[in-house]
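The values are calculated or read from the model by the stated rules, or taken from the named source; none is laboratory data. Because the structure is predicted, anything quoted here is derived from the model rather than measured. Quick reminder, even Gly has a Cβ in these numbers, built from the backbone with ideal geometry, and neighbours come from all protein chains shown.
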Amino acid sequence: MMMPSAIAHLSRCAALQGDVVRAAVLAGGADALLSHRADRWAWGGEEDRDMNIGELRAQLGGEFDRAYAEGRDMAADDIVRLAIRGIGRSDRN
C-alpha cells in the first residue's frame with residue numbers, strides 16, 4: 001500500500017502551494033499511517049520527508065507542532081479527504 005507515501009507527497013505539494021498549515025497536518029497524518037508499517041521508509045522518501053518537515057517547521061514555528069499533532073491524531077479516512085481536497089481545482093485559496 002502506497003497511501004502513506006502519496007499523503008507525504010501531497011503534503012509537499014500543499015507546502016509548495018503555500019498551504020503550510022495543511023501541509024503540516026498532512027505530514028503528521030502520513031507519519032501516523034507509516035508508523036503502522038514494518039517497511040516504514042522502504043519507498044525511499046525519508047530524506048524528502050525530513051526536508052519537508054524542516055521547511056514547514058521553519059515557516060510555521062510553534063504552530064507546526066500543533067498542526068503536525070492534529071494530523072497524527074486524524075483517522076485515515078480524514079487524512080485522505082484532507083489530502084485530496086482541492087486536487088485539480090484552480091481556485092485554491
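Of the residues in segment 16-29, how many are touching a residue at least 24 places away in the same chain (Cβ under 8 Å), more than 9 Å from the chain's Cα centre (by Cα) and in a helix (DSSP H, G or I)?
Looking only at that region, the number is 2.
Could you tell me whether any residue of segment 25-41 is at pLDDT 95 or above, within 14 Å of V80 (Cβ to Cβ) and out of contact with any Lys or Arg (no Cβ under 8 Å at 6 or more places or on another chain)?
There is at least one residue in segment 25-41 that is at pLDDT 95 or above, within 14 Å of V80 (Cβ to Cβ) and out of contact with any Lys or Arg (no Cβ under 8 Å at 6 or more places or on another chain).
Out of the residues in segment 75-93 that are exposed (fewer than 11 other Cβ atoms within 10 Å of the Cβ) and small (G, A, S), state the one that is modelled with the lowest pLDDT.
S90
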